[in-house]
Amino acid sequence: MFSNLRSIWIVFLHLFHKRVTVQYPEKKAYLPPRWRGRIVLTRDPDKEERCVGCYLCAAACPVDCISLQATEDENGRRYPEFFRINFSRCIFCGYCEEACPTNAIQLIPDFEMGEYNRQNLVYEKEDLLIDGQGKYHGYNFYKVAGIDAGVKGKGEGENEHTPVDVKKLMP
Amino acid sequence: MGEHVSYVLSVIAILLVLVSIAAGLIWLERRMLALWQDRFGPNRVGPFGTLQVVADMIKIFFKEDWIPRFADKKVFILAPTIIMITILMSFAIIPFSPEIGVVDFNIGLLFFLAMSSLGAYSVVLAGWASNNKYSLLGAMRGSAQMISYEVFMGLSLMGVVILSGTFSMRGIVLAQQTRWFFIPQFVGFVIFFIAGIAEAHRLPFDIPEAESELVAGYHSEYSGMKFGMFFVGEYLGITLISALITTLFFGGWLGFHFLPPIFWFLIKMFSFILVFILLRASLPRPRYDQLMSIGWKILLPISLLNILITGALVLYFH
């Protein structure tokens, strides 16, 4: 009997406690920079697409929400012909970001993607591509790659020496 | 002629005000429960979320009203109307202020007791007609609860009747001009409050509904506006019990002069409604056999003793 009255009193005192609810649209919670939200495709410092169409993200995706088709330009540089993410299936696990060898696909701290039409959750390459470099600045895959795809000549890349002429005797 | 018209108009006005208070309680309860649980509750639609009621009403009016094929159709339709009608009829005897009130029966209190007993049919018939095991269990619990609280609810009020010497609600209010009856009849007040919670099927005595055990108890199969009638009936029941406690134990419209009598009535009534909501926020639900044993073994003897002592004292002093 007494414990019942006591619990009624304690519950009543909760009227004056601090609310735990965050009034969302007016007050937003802090999201850490590594928070996994919307997926973007970044560009390298020369404003070219970083994605090389290797399909590793599509293979890593546990819900198969990424589909793409790789193609090459006249210099032999690979890029995706289309790149499509179905965000109605995406679980924001970030495996695609981990799988990506060129830091192209990245997850950013934005989650406000609500739509009235389900079809609008399918993002095409134009929707995914951003102008910036995302989390990894200054990285350009074709500058460190072993092939010449119109970005740099042989021996002109980063961390790369000019080729040695094996027929010369001089060091 | 004009007198009759104004009387009918005032009855309709009371009906409309009561139903809108009951609908407004949906918002009040959600809001207050939220505050007691460190949340905010519905605060988006309209100022402080008050238009939430309108949104809920629109939703419930346009919901599909489905009658299960296995249900007993006539009784299924009849059951929700019983609770609305009996509770609204009980409001006829409540004196809201010296001028406002539907009728002043000289057997007002007995009329309320009769109507509240009839209200139990709503639960039993709804559960039976639904032809569903959870509904039937809810109805069975409802009847078990009814036979345990109904007895001491009537007896707990007899102390008030002894002190005031009348069954008329207006007479009872006027008898409280020197002191409110919750002082001499504190035991009767507590017992009637407990019985009133059980009568309104509110937590901690929402045993026939018991969402966590019986889906929704006796109204599991109801949808649309029929469910809405049970829902509004429940809130009307809270309002009715609060109005009765105000009238019988807290001096009805009596109060200080700086506010008109109807305001005193409403202030007292709404404080008891808030107590009802607070009880819902804080207390767990007992088993129905626990309620029955408390009712029969503790509260019934106490209310009998209360009548005995009150009667003896009244006889001694007069």
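What follows draws every value from the coordinates through simple rules; no lab data is involved. As the structure is a prediction and not an experimental result, all values here were calculated from the model. All Cβ positions, even for glycine, are placed from backbone atoms using ideal geometry, and neighbour counts span all protein chains on display.
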In degrees, nearest 10, range 0 to 90: what is the angle between the Cα axis of helix B:52-61 and the longest Cα principal axis of chain B? 60
Order of B:Ser90, B:Ser122 from fewest to most other C-beta atoms within 10 Å? B:Ser90, B:Ser122
Quick calc, A:Asn75 & A:Phe111: beta-carbon distance into FRET formula, R0 30 Å, rounding 0.05, result 0.20
Would you calculate the separation in nanometres between label points at A:Phe16 and A:Arg89, each defined as 7 Å from the Cα along the Cα-to-beta-carbon direction? 5.6
Whole-number Å³ per residue for the convex hull built on Cα positions in the protein assembly as shown: 243
Taking the beta-carbon count within 10 Å as an exposure proxy, list B:Thr246, A:Thr162 from fewest neighbours to most. A:Thr162, B:Thr246
Under the rule that an exposed site lies in a DSSP loop and has at most 14 other Cβ atoms within 10 Å, name the longest stretch of chain A with no trypsin sites (Lys or Arg not before Pro) of that kind, not counting the sites themselves. A:90-134
Per the helix-only model, chain B has a calculated mean residue ellipticity at 222 nm (DSSP H runs of ≥4, -39500 (n - 2.57) each, divided over all residues, rounded to the nearest 500) of -23000 deg cm²/dmol
Within a Cβ distance under 14 Å of B:Ser242, other residues only, what is the Lys/Arg minus Asp/Glu net charge? 0
Using eta = 1.002 mPa s and T = 20 °C, Stokes-Einstein with Kirkwood Rh from Cα pairs puts D for region A:32-135, in µm² s⁻¹, at 154
Relative contact order computed over chain B (Cα-Cα under 8 Å; 6+ residues apart), in percent: 24
At most 12 other Cβ within 10 Å, DSSP loop - GluC sites (Glu not before Pro), region A:1-99: A:Glu26, A:Glu74
Looking at the square roots a ≥ b ≥ c of the eigenvalues of the Cα gyration tensor of region B:177-318, which shape do they give, rounded for a/c under 1.5, prolate if a/b is larger than b/c, or oblate? oblate
Taking beta carbons within 10 Å but only from partner chains, what does the mean come to for residues A:17-23? 4
Tilt of helix A:2-13 relative to the longest C-alpha principal axis of chain A, in degrees (0 to 90, nearest 10)? 50
Using only alpha carbon pairs under 8 Å that are at least six residues apart, calculate the relative contact order of region B:1-87 and give it in whole percent. 15
Let's test the formula: R0 of 22 Å, r as the Cβ-Cβ distance of B:Glu99 and B:Ile267. What FRET efficiency results, to the nearest 0.05? 0.80
Quick check on chain A: helices-only [θ] at 222 nm, where DSSP H runs of length 4 and up contribute -39,500 (n - 2.57) each and the sum goes over total residues. Nearest 500, please. -4000 deg cm²/dmol
Taking 7 Å along the Cα-to-C-beta vector as the label spot, tell me the B:Lys73-A:Val122 distance in nanometres, rounded to one decimal. 4.6
The helix B:108-129 Cα axis meets the longest alpha-carbon principal axis of chain B at an angle in degrees, between 0 and 90 and rounded to 10, of 20
Mean Cα-pair separation over length for chain A, i.e. relative contact order, pairs under 8 Å, 6 or more apart, %: 25
Under 1.5 on a/c is rounded, so check that first for region B:119-176, then, if it is not, pick prolate when a/b is larger than b/c and oblate when it is not; a ≥ b ≥ c are the square roots of the alpha carbon gyration tensor eigenvalues. prolate
With the cut-off at 1.5 for a/c, could you classify region B:1-106 from its C-alpha gyration tensor as rounded, prolate or oblate? oblate
